[in-house]
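A short worksheet on the structure shown next.
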Amino acid sequence: MKSSHLLNRREVLRSMVGSSLLMPGIVSHLLAESGHTTDPLAPKHPHYPARAKRVIFIFSNGGVSQMDTFDYKPELFKADGKKTGVGGGLSNQQRALLRPLWDFRPGGQCGTLVSDLFPHLRELMDDICVIRSMKGDDNEHYNATLGMHTGSFFFSRPSIGSWVSYGLGTENRNLPSFVALAPQMPYAGTQIFNNDFLPAYHQGVRVIGGSEPIANLDRRTRQKGLQELELGLADILNNRHLKPRAADTDLAARIRSFETAFHMQTDAQEAFDLSRESDATLGLYDVERGNNDSFGWQCLVARRLAERGVRFVEIVDGSSSKNWDQHGNMAEHAIHAKNIDKPIAGLLRDLKARGMLEDTLVVWTTEFGRTPGVDGTKGRGHHSASFCSWMAGGGVRGGLAYGATDELASTVVENKVHVHDFHATILHLLGFDHEQLTYHHGGRDYRLTDVFGNVVHDILA
C-alpha cells in the first residue's frame, strides 16, 4: 500500500470521532486490497425452476399421535380395550388397545377427515396435503428429532435449514437466511439449526421471543455514525487477517456475522415489531397485543421474516420437557393442540391472502407417532413405523390425503414416505435435485438425504 494511503492512529481516531467523510473511501480501498469481495450468501439459482422460494417448517416436539389427529381409524374406536401385540414403546408384549379420544369430521370441500383437536386447521384442508404414511428409523426422541432435521438418525449432520441456506443463499443480506423461532429447545437441542460441516454462514439464528428476541441486538451507542465507523475499521483489519486464510470458513463467517448483526439492529428489530399489525391480524394468529411469548407470535413473526426474504424459518412447538409425549394421559394432547391450531391456521390464511402461499412451502411435522396400544396409564408409546405430517403451498397438491396405514394406524400399507423421501420432496419443491445438492467433507460428498430418498411426485400440484 502506498504511503499516500496511510493514516496515523491519531488521524484514524479523529476521523472516527468526527464522522469524517474520508472513512468510506478508506474502507472501500482497503476492502478491495483485501480481495475479499465475494458474498457467500448471495442469492443462488437452484438446479431447475422452483415452485417454492422459501420454507416455514413447523416442528411439534414429542411425537404427535397420528390416530388422534389426521389418520382416522374407525376399527380402533371399536377395539378399545382389546389385547394386541402392537403395544407401547418398543415392546411386543400384549397390551390393551386405546381408542382415540376425539371424534373426526370432514374438512373443506375435499372432505379430509381431521379430529376435533384441530378445528381451525380442518377448515383449511383444501390447501393442505396430509401424508398419513410417514416412517422414521428410530423410536427415541433425540435420534428421531435429529433424523427429521438432518436426515441422519445417529450422527450430527447439517440441518435442513442450513442445507437450504447453502443451496439458495439469502434474498435479504440484512437478515439471516435461516432463523429458528425456538423459545425452548427441543430434543437434539441446537442440532436442529446447526450447520455442522457446512460453512458457518449457514447456521440458523435462534430467536427466543420475549422482550429481547435475539440477545445483544440493541445498538451499543446512539451517537450517529460512530458504530458504523468502528465496525468499518474492524472489518478492514479482519479482512486483512482473513486474506492469507481464505480456506477458513469459520473465520470468514465470523467476520461476515458482524456486518449482518449490524444491519439486523434495524431490520430484525422491525421484523419482530408487531405494533403496526392490525387487531384483525393479531386476532387471526391468536396474539394479544404486546405479547411476544406465544406460539401465535412465533407464527406471525415467521410470516414477517418470510416476506422479508428469509429462506428458511423453523417454528419450534414444545421443549424437551413439555411437549406432545403423552405416555401417562393422552387427554393432554388437547392442551398442545389448542396452543397451535388457530395460530397455524392463521398463518396459512394470512399467507394466502397476501399471495405468498403459492411460493411459500409450509411444512408441519413431528419426530414420530404414537402406538395404538396403551402405554403407561392412559397414554401411548413412541412409534416410528407410521405417523403423519403435512405440507401446504409451494407447489403441493392441497385437498389430498396421501398414503395409508393398517386398521390400527400401526404400519404403513400404502405409499410409504420415509423421512429421506420427505426431505427429497421439500428440496425438489425448492428447485433442487437432492442427489446433486452436496458438500464435500472428510473425503466424500454429503447430502441431506444421505444415499436414500425419492421425490413423492404424487403430492405435487
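Rule-based calculations on the coordinates, nothing more; no lab input. Here the structure is a predicted model, which means the values were calculated and not measured. Virtual Cβ from ideal backbone geometry, glycine too; neighbours counted across all protein chains shown.
Taking the mean number of other Cβ atoms within 10 Å as a proxy for protection, how do you rank 349-357, 51-59 from highest to lowest?
Going by the mean number of other Cβ atoms within 10 Å, highest first, we get 51-59, 349-357.
Sequence neighbours fewer than 8 away in the same chain don't count; with that in mind, list the lysines whose C-alpha is under 17 Å from residue 338.
322
Whole Å is fine, so just give me how far the alpha carbon centre of the stretch 101-166 lies from that of the stretch 419-461.
17
Looking at the P(r) of the stretch 314-461, how many percent of alpha-carbon pairs lie beyond 19 Å?
Counting every Cα pair in the stretch 314-461, those more than 19 Å apart make up 63 percent.
If packing is taken as the average number of other Cβ atoms within 10 Å across a peptide's residues, how do 181-194, 431-444 rank, most packed first?
Going from most to least packed, we get 181-194, 431-444.
Taking neighbour Cβ counts within 10 Å as the exposure measure, how do 124, 274 sort from fewest upward?
274, 124
Using θ = phi - 60° and the Karplus curve 6.51 cos²θ - 1.76 cosθ + 1.60, what whole-Hz ³J(HN,Hα) does each residue of the stretch 153-168 get, with Gly and Pro shown as x?
Using θ = phi - 60°, the values come out as 8, 10, 10, 5, 9, x, 6, 4, x, 5, 5, 5, 4, 4, x, 10 Hz.
Leaving out same-chain residues fewer than 8 places away, which lysines sit with a Cα under 19 Å from that of residue 53?
44, 352
Could you tell me whether the stretch 100-209 comes out rounded, prolate or oblate from its Cα gyration tensor? Rule is a ≥ b ≥ c as square roots of the eigenvalues, rounded for a/c under 1.5, then prolate if a/b exceeds b/c, otherwise oblate.
Judged from the Cα gyration tensor, the stretch 100-209 comes out prolate (a/c at least 1.5, a/b above b/c).
Sorting 47, 120, 336 on the 10 Å Cβ count, fewest up front, what's the list?
Listed from fewest to most nearby Cβ atoms, that is 47, 120, 336.
Out of 391, 379, 366, whose Cα points farthest toward the positive end of the dipole of the stretch 319-442 (charges: +1 Lys, Arg; -1 Asp, Glu; placed on Cβ)?
379
Could you order peptides 286-293, 377-384 by the average number of other Cβ atoms within 10 Å of their residues, highest first?
Order by mean packing, descending: 377-384, 286-293.
Could you compute the net charge surrounding residue 76? Neighbours are other residues with a C-beta less than 9 Å from the C-beta of residue 76; K and R count +1, D and E count -1.
After counting each charged neighbour, the total is 0.
Hey, which lysines would be in cross-link range of residue 78, C-alpha to C-alpha under 16 Å, not counting anything within fewer than 8 residues on its own chain?
Partners found: none.
Obtain the nm distance between the two label points defined at residue 435 and residue 413 by a simple spin-label model: each point lies 7 Å from its Cα along the Cα-to-C-beta direction.
Label-label distance for residue 435 and residue 413, simple model: 3.3 nm.
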